[in-house]
Amino acid sequence: MYAKLALSNARRSIKDYVIYFVTLIICVSLFYAFMSLSSSHYELITEDTYNFKYLKIMIKYTTYIITGLLILLIGYVNKYMMKRRKKEFATYILLGIPQRNVALMFFIETLVMGIVSIVFGIFLGTLFSQMVTALILMTANQKIIFSFKLYIDTVAITLLFFTAMFCIIGLINIRTLSKTKLIHMLNDEKKTEFQFKRGKIIYISVFIIAILLYILCGYSVYRILRVIENVQLKQGNEITYAGLAVTGFIGGTYALFYSLAYVLILIKERWIKFKYEYTNLFLIGAVVSKIKTAPMLMATISITFLGAALCFTLTLLLSQWSLGYLDNRIPFDTVVASRLNIMSKTENISKIDYSGLVEFLDSENYNFKDYCEVEQYYIYDKKLYDTDKKNMPLFAIGLSDYNHLREMLGYDEVRLEDDEFTTQWLKLVDDKFIDEHVSENSTLKIKDKELKLSSNPYYKDSIGEYIYNTYEGGLVVIPDKWCENLGLAAKDFYANTAMKISNDKLVKVETELIPNWFIKNYGNMLSEKKNNPLTIRLKAAETNEILNVTLGMRILGIYGGTVLLMISLTVLALQQLSDSIQHKGRFDTLRKLGIDDKDTGRLILKQISLYFTLPIIIAVFGFYIFFYAFASASRTLIDIYIGDKAFMFNISISLILIIVIYVCYFVATYYSFKRNVESK
């Protein structure tokens with residue numbers, strides 16, 4: 001009998017809490033989709049250049065953490081269901097059912113609803129898993145192949161993980177219900193979530209504190225932005241200001257919602273005309289009542305929504321930044337850069353001959369299409385370079401080497417007269433700094449000859465990061481004939497390969513073949529015995545690493561943002577739907593007063609709109625502040641590594657996802673509310 005009653009209640013709960021039920025299904029399906037990547041039966045068909053092993057590990061364990069946040073939603077909904085039905089539970093007890101059996105019935109009811117959502121979620125997850133696979137293949141520029149499969153190990157993990165969550169919450173519910181006194185069950189609906197200290201001074205004081213905390217947040221962000229605009233203003237306390245900004249916003253949000261109900265009442269009392277216009281009195285009363293009984297919940301929803309929005313946008317932007325950074329960091333397929341002062345004698349640097357490396361790697365089926373040996377020279381006395389990197393003067397390279405590098409990357413040739421020089425800079429270096437540097441160093445003296453700055457004083461075309469040995473990130477380019485009068489500082493190797501190589505082979509080339517070749521041929525000339533005195537970078541290997549990080553950020557950012565967003569919107573929806581059931585009599589009264597169904601629908605729409613909008617407005621305000629600070633602080637990086645079009649595209653994708661999810665929950669809440677009110 002108890003089991004039959006529990007199953008009957010479960011069917012009713014699914015109908016009453018359809019939004020919560022659908023949320024669970026979507027979260028289970030997303031969990032299954034991401035966990036399927038780590039399945040032993042999952043096959044990601046890509047070129048062997050890529051290895052997504054670390055992506056699978058990253059997603060697997062991070063997914064557990066993000067999905068674990070759902071236990072907060074499950075716990076809240078179960079607490080809410082118990083609160084709403086305690087009078088029903090008390091009736092069962094009065095009819096002779098033991099209190100512990102009532103608690104067990106509620107546990108079975110919630111567990112059944114959970115298991116049903118898991119089953120539906122797993123089948124929906126097979127679709128989402130293909131979307132995740134498509135995202136990975138698109139990012140890696142691979143052909144998209146769909147394969148709808150159920151992975152038994154992933155099904156088992158999903159079932160165990162979510163069942164464990166439902167059981168943990170269920171056991172807590174059994175303990176709570178078993179110890180709750182009958183009189184408290186009968187009177188529990190009369191309690192509000194938060195008990196206020198009634199008093200005008202307290203409300204007004206807290207409201208003023210909220211305003212002051214928001215001002216503190218704004219001032220802290222302003223101080224940080226001033227330092228970004230003018231580095232000379234840096235005092236070392238920027239992290240403190242960042243902490244104050246976050247603390248001020250969070251504290252201000254909780255203080256605002258604590259006092260908001262009373263402030264709205266004051267406005268209502270003073271705005272007499274609006275107050276008594278049509279159904280406004282009813283509308284304001286309903287909204288104020290809801291905020292008044294759940295201020296901490298409203299503030300938490302606002303903070304959660306802000307976290308979801310930041311999670312969506314920042315992770316997508318950072319992943320795009322990673323891809324842009326890769327293109328600027330290592331545009332060549334292979335880079336072998338020798339570190340400064342690795343040779344025991346300076347004259348030994350000229351003995352390095354990378355043509356032997358080309359022949360050696362060719363025998364290992366690692367073929368080059370083109371390569372360049374780049375020599376860097378001391379412009380001034382070598383002693384000036386024997387200092388820390390920050391105070392080191394610029395090095396020089398010959399024009400022929402420089403043009404060879406540009407040719408390999410598809411750039412135009414640079415021409416110089418015999419008495420001219422130019423400069424090459426890292427893209428990240430500020431133009432203002434470069435202008436100051438070239439104006440202070442418009443001439444260059446080599447031996448007895450003075451060179452003048454070219455009509456094109458500098459170039460910022462990307463030739464990689466590893467060619468720069470100084471803190472400023474610059475090089476001086478001079479005609480080859482003047483290099484003979486300078487001391488050789490380093491000899492590097494830049495090459496483009498003729499074919500794609502498997503990831504395993506790339507690792508072998510980077511960690512074994514090149515270091516072993518160099519040690520074998522020049523180990524006796526080194527100043528210090530090191531396993532690898534070179535900086536070796538292979539673009540394909542770094543591309544694989546960056547793709548793992550990029551995809552991890554994109555996938556987990558979307559998942560984390562979706563979970564946080566759905567948690568906050570589900571709680572908002574349930575709050576409103578509870579109002580449609582508990583206070584259905586109010587709408588019946590309005591009908592008796594002559595308010596037709598069309599006007600009732602408008603009233604419901606206004607009520608839900610206000611309730612859904614208030615916490616979102618605060619979240620949007622916070623999002624604007626923190627995102628504006630991020631964009632200002634990262635303006636140069638955004639311009640170089642992302643670009644305005646990609647920046648706006650990623651922002652648009654984030655906002656579209658947020659708006660779509662928001663509208664779906666809003667519409668579902670509206671029609672569910674209306675159905676509850678209109679039901680007989």
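Summary of values
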{"quantity": "Search result, residues across the range 463-502 that are surrounded by 15 or more Cβ atoms within 10 Å (Cβ to Cβ), farther than 29 Å from LYS382 by Cβ and in contact with a Lys or Arg (Cβ under 9 Å, 6 or more places away or on another chain)", "calculated": "ASN496, THR497"}
{"quantity": "Test for MET58: is it surrounded by fewer than 20 Cβ atoms within 10 Å (Cβ to Cβ) and either more than 34 Å from the chain's Cα centre (by Cα) or over 20 Å from LEU159 (Cα atoms) (or both)", "calculated": "no"}
{"quantity": "Qualifying residue in the range 366-389 (condition: of a type outside the set (A, V, I, L, M), surrounded by 12 or more Cβ atoms within 10 Å (Cβ to Cβ), under 19 Å from PRO515 (Cα atoms) and without any contact (Cβ under 8 Å) to a residue 24 or more places away in the chain)", "calculated": "no"}
{"quantity": "Whichever residue in the range 577-597 is more than 16 Å from LEU73 (Cβ to Cβ) and either of a type in the set (Ser, Thr, Tyr) or at pLDDT 75 or above (or both) and, among such residues, is surrounded by the fewest Cβ atoms within 10 Å (Cβ to Cβ)", "calculated": "THR589"}
{"quantity": "Single match in ALA156, ALA140 (criterion: within 30 Å of THR63 (Cβ to Cβ) and modelled with pLDDT of 75 or more)", "calculated": "ALA156"}
{"quantity": "Check on LEU357, closer than 17 Å to ILE467 by Cα, out of contact with any His (no Cβ under 8 Å at 6 or more places or on another chain) and in the same structural domain as ILE434 (by TED's automatic domain parsing)", "calculated": "no"}
{"quantity": "Hits in the range 34-48 - residues which are under 26 Å from VAL563 (Cα atoms), outside any helix (DSSP H, G or I), modelled with pLDDT of 65 or more and not polar (S, T, N, Q)", "calculated": "TYR42"}
{"quantity": "Hey, TYR670 of a type in the set (Ser, Thr, Tyr), under 22 Å from the mean Cα position of the chain (by Cα) and assigned to a helix (DSSP H, G or I) or not", "calculated": "no"}
{"quantity": "The range 60-79, residues that are among the aromatic types (Phe, Trp, Tyr) and under 19 Å from PHE305 (Cβ atoms)", "calculated": "TYR76"}
{"quantity": "Residue that is crowded, with 19+ Cβ neighbours inside 10 Å, modelled with pLDDT of 75 or more, under 17 Å from the mean Cα position of the chain (by Cα) and in a helix (DSSP H, G or I), where the choices are ILE653, ILE616, ILE658", "calculated": "ILE658"}
{"quantity": "Options ILE397, ILE352, ILE330, ILE342: the member that is among the aliphatic types (A, V, I, L, M) and under 30 Å from ALA633 (Cβ atoms)", "calculated": "ILE330"}
{"quantity": "Filter pass, THR535 being among the β-branched types (Val, Ile, Thr) and either outside the structural domain of GLU413 (by TED's automatic domain parsing) or surrounded by fewer than 15 Cβ atoms within 10 Å (Cβ to Cβ) (or both)", "calculated": "yes"}
{"quantity": "Unmet criterion (only one of (1) among the β-branched types (Val, Ile, Thr); (2) surrounded by 13 or more Cβ atoms within 10 Å (Cβ to Cβ); (3) modelled with pLDDT under 85) for THR253", "calculated": "(3)"}
{"quantity": "Matching residues in the range 106-121 - criterion: being of a type in the set (Ser, Thr, Tyr) and either free of Cβ contacts under 8 Å to residues at least 40 places away in the same chain or under 13 Å from ASN78 (Cβ atoms) (or both)", "calculated": "THR110"}
{"quantity": "Pair list, Cβ under 7 Å, 6 or more apart: the range 160-180 residue surrounded by 14 or more Cβ atoms within 10 Å (Cβ to Cβ), other residue part of a helix (DSSP H, G or I) and of a type in the set (Gly, Ala, Ser)", "calculated": "PHE162/GLY114; PHE166/GLY114; ILE169/GLY75; ASN173/ALA103; ILE174/ALA103; LEU177/ALA103; SER178/ALA103"}
{"quantity": "Any chance LYS520 is outside the structural domain of LYS83 (by TED's automatic domain parsing) and over 22 Å from MET408 (Cβ atoms)", "calculated": "yes"}
{"quantity": "Single condition VAL119 does not satisfy, out of (1) surrounded by 19 or more Cβ atoms within 10 Å (Cβ to Cβ); (2) modelled with pLDDT of 80 or more; (3) not basic (Lys, Arg)", "calculated": "(1)"}
{"quantity": "Residue list for the range 413-451, filter: more than 37 Å from the chain's Cα centre (by Cα), under 20 Å from SER462 (Cβ atoms) and in a strand (DSSP E or B)", "calculated": "THR422, THR423"}
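Yes or no, residue by residue, for (1) aliphatic (A, V, I, L, M); (2) modelled with pLDDT under 75:
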| position | (1), (2) |
| --- | --- |
| TYR50 | no, yes |
| LEU55 | yes, yes |
| TYR61 | no, no |
| LEU69 | yes, no |
| LEU73 | yes, no |
| LYS86 | no, yes |
| ARG100 | no, no |
| PHE106 | no, no |
| VAL112 | yes, no |
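Conditions tested, residue by residue: (1) of a type in the set (A, V, I, L, M); (2) within 45 Å of the chain's Cα centre (by Cα).
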{"position": "VAL476", "(1), (2)": "yes, yes"}
{"position": "LYS491", "(1), (2)": "no, yes"}
{"position": "ASN496", "(1), (2)": "no, yes"}
{"position": "ILE501", "(1), (2)": "yes, yes"}
{"position": "PHE518", "(1), (2)": "no, yes"}
{"position": "ASN521", "(1), (2)": "no, no"}
{"position": "LEU534", "(1), (2)": "yes, yes"}
{"position": "ALA540", "(1), (2)": "yes, yes"}
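The values are calculated or read from the model by the stated rules, or taken from the named source; none is laboratory data. Every value quoted in this text rests on a predicted model; they were computed, and no experiment measured them. Quick reminder, even Gly has a Cβ in these numbers, built from the backbone with ideal geometry, and neighbours come from all protein chains shown.
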